[in-house]
Amino acid sequence: MKTIILFLALSLFFPGVVLADGQEERFTFNFRDRSITEILSAVEAGSGYAFLFPGQVEVMLRERVNLHVEAVTIDELLTRLFLSTGLVYTIVDRQVLVTRTDSPARADTTRVVVTGQVVDEEGLPLAGATIRVKETSTGVATNREGVFSLTLTGDKAATLVVSFVGMETREIPLTPGVTRYDVALVPSETTLGEVVAFGYFYRRNDNFTGSAITVSGEELKRVNANNLVRAIEAFDPSFKVLQDNLSGSDPNKMPNINVRGTSSVPTGAGEVLRRDNINSSVNLPTFILDGYEVGVEKIHDLDMNRVASISLLKDAAATAIYGSRAANGVLVITTIAPAGGKQRVSYHYELTPSFPDLSSYDVLDAAEKLEYERLAGVYETEGVSLDEQQELYYRKLYNVLSGVNTYWLASPVKNAFGHKHSLFIEGGSPVVRYGISAQYQSMPGVMKRSSRDRLGMDVELSYNMNRVILFKNTLSVASVNGNDSPHGSFAEYVRVNPYYPRSDERGRVIREIDTWRDRGGAGGGIRDNVVLNPLHDASLGSFSKSGYLEISELFTAEWNIIPGLRLRGLLGFTRKNTSGDNFVSPDANEFYFYGFEDLAKRGRYTYNDAKEWHVDGSATLTWSGDAGDHFFHLAAGTNIRAGETRTKSFTAIGFTNDRFTDIG
């Protein structure tokens, strides 16, 4: 109550002074045709300031002027009062020395107050934008309304540097006599590299001392427009996608990624990372997509046209935020946010040819391979009659002389042409924005009849209330279906000799292409070896299919409490259903050597189904500010992740019919 009484008393006797408890004095005046001396006397009477001036400026103080100010500081008031008068001032404590601009006593201590507002291209204020005097440490940040006030000392020409995260930095040369500068900033993609995305908040790269790289989506597409993880590998040598020659270009093979080497001892089992053992790979980094943790399959199927930037975090800074999940690094991916304004529709089409590269295989032709076997003594096996061995040799020689020279490596592969369609619709007002994207990609593999088809749709709606409170909701639906090649493993074709024909005279695939004897039986006994044609399995009804349907609902809320202080909350729910069907025909080569007692076990069908859900939530409070030459960034937050996975599978054996579709 005492403060209120004092405020009223001061307002009664000195109506030109406005005081706020704990804040700088503000002045409101409206003078018309009054001398500068009279105005200074009014200011002196209503405040604790004392004005001193030498005798040579008394004549100049008699100049009559008009002055209208509302709630301004002492610097702003005097700057406007002395504008174009030839007078300048210096404030020491609460004493104001008024001198002429050419006065030696003034030297280089001229004070000028520069004010203005920083907005974006749509006229919305930018809270927390930085205004700095070029080549100095002097600077301020805009308030909630984007307004700034900066006091400059010295009469030299100066330039203001105005910057904001995600915007083009502008340099504004100051003009003598002009103290008001309104600045509009435009978005910039080049500034993405200057910002490190942590998933929960952003930090400028120039004040981040940790180990991280940031790459824009456009830079990634220049390297590899189809594979995100392969593109990242080109920018950071510690990010490695392990080469898997056994899987080749299998479109359903998930990438095996290491960041800063492996963190486990290899098992020696030679396992191939696939959909059924993704979670068991302890060397994979953690993937964060727009603030939410996702799996490697989500990243593998992500549309490159929707990627705005990626940040790869690899040190203690990432561990401090994500804990043990950051042991193998964290890959943070940010997608493109919809822009406001008139509705825009963009469509992208990409054609991707894939060709099998067999140039690294230097194999013998049919005649060379047969001669190599003869010189190696293959047809001089002890215990096998000479007639049988010569019959085997001349039968193969007959094939060679008949023109059989099969290049088996080319049998299961083909040239593949994939295509991708991407449609994006965006628009809205500065307050409400929307974005709708749809994607379809057909990605056939070079192994015949292998493919992976993706279909997805995202709907994003955001509400921005004067850049103070932001709400964003994103609904994503994705469906993926994959087919593995029925031609089996490529390694089987590498082992088949070139003097064996693929088919008979009528073009029918030969199942048994050769029989030969050796002493590989029990106790060194003679055994018959049957060579089976790997192309036989491709002519059967065997299949291997997989797919998933994923629905995600993601909600984000941000509150810019004051400039530099932000509270951000994330809440996401994901539901995913995964299924797999695998049928091996009873006529497959796998069951050729089954004995009479196992005939009923030929043929196999395996079905697996997994239903999982995850809830991911976080709340983060961040503060950024500077003090002189030092910049401070503080962050405090919490994260919760819960989920459940239910898996069921069964295997049925014993089929009499090759034409099986599903369990029904």
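The values are calculated or read from the model by the stated rules, or taken from the named source; none is laboratory data. The structure displayed is predicted, hence computed values, not measured ones. Virtual Cβ from ideal backbone geometry, glycine too; neighbours counted across all protein chains shown. Please note that ligands, DNA and RNA were not included when accessible areas were found on the heavy atoms of the full protein model with its side chains. Shrake-Rupley method; radii C 1.70, N 1.55, O 1.52, S 1.80 Å.
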Val615 passes all but one of (1) crowded, with 19+ Cβ neighbours inside 10 Å; (2) within 39 Å of the chain's Cα centre (by Cα); (3) not acidic (Asp, Glu); which number fails?
-> (1)
Where Leu273 falls short, out of the listed (1) modelled with pLDDT of 80 or more; (2) open to solvent by less than 20 Å² (accessible area, probe 1.4 Å); (3) under 30 Å from Tyr607 (Cα atoms) | (1)
Any idea how many residues of segment 151-166 are open to solvent by less than 20 Å² (accessible area, probe 1.4 Å) and modelled with pLDDT of 80 or more?
-> 3
Run down Val468, Val432, Val459 and say which single residue is more than 26 Å from Met304 (Cβ to Cβ) and open to solvent by 30 Å² or more (accessible area, probe 1.4 Å).
-> Val432
Selection count where residues are more than 30 Å from Ala127 (Cα to Cα), without any contact (Cβ under 8 Å) to a residue 40 or more places away in the chain and assigned to a strand (DSSP E or B), scope segment 531-585 = 6
From Gly564, Gly569, Gly580, Gly507, which residue is surrounded by 15 or more Cβ atoms within 10 Å (Cβ to Cβ) and at positive phi?
-> Gly564
Hey, Tyr434 in a helix (DSSP H, G or I) and either without any contact (Cβ under 8 Å) to a residue 12 or more places away in the chain or over 25 Å from Arg502 (Cα atoms) (or both) or not = no
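Within segment 186-195, can one find any residue that is at pLDDT 75 or above and closer than 25 Å to Gln117 by Cβ? Walk me through how you get there before you give the answer.
Taking segment 186-195 as the starting set, the residues that turn out to be at pLDDT 75 or above are 186.
Narrowing further to those that are closer than 25 Å to Gln117 by Cβ: 186.
Yes, segment 186-195 has at least one match.
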How many residues are under 20 Å from Asn582 (Cα atoms), part of a strand (DSSP E or B) and small (Gly, Ala, Ser) if we restrict to segment 453-496?
-> 2
Answer with yes or no whether Ser47 is open to solvent by 60 Å² or more (accessible area, probe 1.4 Å) and either among the small types (Gly, Ala, Ser) or at pLDDT below 80 (or both).
-> no
The one condition in (1) free of Cβ contacts under 8 Å to residues at least 12 places away in the same chain; (2) assigned to a strand (DSSP E or B) that Arg506 fails to fulfil = (2)
